[in-house]
Amino acid sequence: MADMSLSYPSLVQKTYFIRTFGCQMNLHDAERVSGLLDSCGCLEASSPEEADIVIFMTCCVREAADQRLYGQCSSMKSLPDAPSGRRVIAIGGCIAQRDGERLLDTLDNVDVVFGTSAITHLAELLNATFAEGGRHVLTSENPDDVATSLPWHRATGYHAWVPIMTGCNNFCSYCIVPYVRGRERSRLFEEIVDEVEGLSRTGVREVTLLGQNVNSYGRDRYGNPRFAELLRAVGETGIERIRFTSSHPKDLLPETIDALAEVPQVMPHLHLAVQSGSTRILKLMNRRYTREYYLDLVKRVRERIPHIALTTDIIVGFPGETEEDFAQTLSLAEEARFSQAFTFIYSRRAGTPAAEIPDDTPREVIQERFDRLVKVIEGTAYEYNQHELGTRVPVLVEGVSKKDSHRLQGKSPMNQTVHAPVPEGLDSASLIGKIVDVDIDVARTWYLSGTVVGDPR
Ligand code: SAM
Ligand code: SF4
């Protein structure tokens, strides 16, 4: 890792703490920020109290995340003094990109605001704040400032997020992401493959390829999508498990389904956001597929990979959603039999086309629909997990269960959470990042559990 401590002397030995909201892209950006600060001689702290630099990596996809930032920032005011005597608060991520300087008016204790393309400049901004004081903002979009070239401090040794593209061209009518993260920009094919090869050599066992719509990977750079080809090339790097997210149904090509079926390292899990089961609402959402198209796609995927775990995102309460529209969402969820779903209540985002659609649906009606949907998902998730009862599942160990430190927790190939008692004579810490076989004897809605058999590998 490059040593940048000479360039930013006021950062050397400063402690930092990063709090991250929102999606995997933000988690990955936070790892880049952390890597950058490490290379400047900063030290990671385990809480904001112990930190000279507190960084919030923000999300603006839904209003709740917006509001959390305001609460968290003001709570910084009541902390004891920072170890160095001065605490600098920095805001990064999507809210920083969207609101820029305006954040300084509303949040009087914030010193630095850095946009999603300004991560590479964070050290300069922090150094200037410590050395000269003042408040510093950088949100201009410079496509050359790719954070993917920064050093990288991974949260775990066995898993890595690998962004393959940034931005989004889809402009779903409810979504703020294309306005904040800009247009699709794919990374170089060879650079991604080399990166995964390098990660695999250093002991990483699983990568998650990241993008807002990975199916269109390559279109901007090469004129046509190359995602299927990328999956095959990454499969040859020595990495053991490959996951990816997110996948837009309109762009999931037959050749990608083939790659999913044929590349053994690609895990049998597909996250395919449907958003609604009503063709009328899908049109208003600008999703560019119908209910029938989605269900047919699911059928084609299951024909190739029968036991694939299909997960999704669904929005309840899109403006003007009627009981009939919602009934279509419920019946689609029943038919598609998702193994898990992220369900969201629609959140109005100023500046998006959906924010202009009038809606007088009472909040209680939307909440009641949401609860009904959650029940259906719980039913299909439970049913999905029953297939594993009595089978032996290879589990990548992530740590111990939050409720019981004597139980290992990890993920099956289908991304199910699996628990098992730590085998006698083995230390749980030494098993993190290992793959263990687990004989499953309990299958609940959100987890499986069983007994470890054989040796960890
Ligand atoms: N690009 C990904 C895709 O299309 O699958 C999704 C990225 S978005 C950060 C994650 C999810 O947030 C979306 O799939 C959608 O369900 C939800 N979402 C986005 N905007 C929303 C809004 N305004 N209100 C509620 N949920 C929203
Ligand atoms: Fe938002 Fe749609 Fe792009 Fe996903 S595909 S980030 S939901 S605009």
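Tell me the mean residue ellipticity at 222 nm calculated for the chain from its helices only (DSSP H runs of n ≥ 4, each -39500 (n - 2.57), averaged over every residue, nearest 500).
Values: 15 runs with 154 residues, N = 457.
The helix-only estimate for the chain comes to -10000 deg cm²/dmol at 222 nm.
Here, segment 13-57 yields an orientationally averaged convex hull projection of 2.7 nm² when only Cα atoms define the hull. Cross-link pairs exceeding 24 Å in C-alpha to C-alpha distance, out of LYS77/LYS403; LYS14/LYS434; LYS402/LYS434, comprise LYS77/LYS403; LYS14/LYS434.
Applied to segment 199-214, the Karplus parametrisation 6.51 cos²θ - 1.76 cosθ + 1.60 on θ = phi - 60° returns per-residue 3J(HN,Hα) values of 4, 4, 4, 8, x, 6, 10, 9, 10, 10, 7, 10, x, 5, 8, 4 Hz, with x for Gly and Pro. Under the simplified labelling scheme, the ARG221-LEU27 pair shows an inter-label distance of 2.3 nm, with each label point 7 Å from Cα along Cα→Cβ. The phi torsions of segment 59-69, fed into the Karplus equation with coefficients 6.51, -1.76 and 1.60 and a -60° offset, translate into couplings of 10, 10, 5, 10, 5, 4, 5, 4, 5, 4, 4 Hz, rounded to whole numbers, with Gly and Pro shown as x.
Over what distance in Å are the Cα centres of segment 230-252 and segment 336-351 separated? What the calculation gives is 23 Å, centre to centre. Normalising the average separation of contacting C-alpha pairs (under 8 angstrom, six or more residues apart) by the number of residues puts the relative contact order of segment 162-314 at 21 percent.
Please work out how much length the chain gains when fully extended from ASP3 to GLU324, using 0.36 nm per residue of separation minus the C-alpha to C-alpha distance, in nm with one decimal. Numbers along the way, then the final one.
On the way: separation 321, 0.36 × 321 = 115.56 nm, distance 6.02 nm.
Contour length minus Cα-Cα distance gives 109.5 nm.
Once divided by 2.2 N^0.38 Å, the Cα radius of gyration of the chain becomes 1.01. Couplings 3J(HN,Hα) of segment 113-129, computed from phi: 10, 10, x, 5, 9, 9, 4, 4, 9, 4, 4, 4, 5, 5, 4, 5, 5 Hz, in residue order, whole Hz [Karplus 6.51 cos²θ - 1.76 cosθ + 1.60, θ = phi - 60°; x for Gly and Pro]. Looking at segment 44-168, what % of the alpha carbon pairs are farther apart than 25 Å? It works out to 26 percent of all Cα pairs.
Label-to-label distance for GLU197 and LYS250 is 3.6 nm, based on points extended 7 Å past Cα in the beta-carbon direction.
Which order do the peptides 75-88, 44-57 take when ranked by the mean count of other beta-carbon atoms within 10 Å per residue, highest first? Numbers along the way, then the final one.
Details: 75-88: 14.0, 44-57: 20.6.
Sorting 75-88, 44-57 by mean packing, highest first, produces 44-57, 75-88.
Residues whose amide H lies under 5 Å from that of MET165, counting only those 5 or more places away or on a different chain, are ARG187, LEU210; hydrogens are built 1.01 Å from N in the peptide plane. Segment 195-228 and segment 394-446 have Cα centres lying 28 Å from one another. Count the net charge of all other residues whose Cβ sits under 10 Å from the Cβ of ALA327, scoring Lys and Arg as +1 and Asp and Glu as -1. My count for the surroundings of ALA327 gives -1. Extension gain for SER331 to HIS406 (0.36 nm times residue separation, less C-alpha to C-alpha distance): 22.9 nm. Per residue, the average separation of C-alpha pairs within less than 8 Å and at least 6 apart gives segment 97-233 a relative contact order of 20 percent. Amide H contacts for ILE53 (H built 1.01 Å from N in the peptide plane; partners 5 or more residues away or on another chain; cut-off under 5 Å): THR15, TYR16, PHE17, VAL88. Given R0 = 41 Å, the distance between the Cβ atoms of ASP439 and LEU188 translates into a calculated FRET efficiency of 0.40. Here segment 339-390 is described by how far its Cα atoms reach on the three principal axes: 52, 23, 9 Å, from widest to narrowest. Between THR20 and MET57, the built amide H atoms are under 5 Å apart, and every one of these is 5 or more places off in sequence or on another chain.
Every number here is computed from the coordinates shown, using simple stated rules; none is lab data. In this text, all values refer to a predicted model and were calculated from it rather than measured experimentally. All Cβ positions, even for glycine, are placed from backbone atoms using ideal geometry, and neighbour counts span all protein chains on display.
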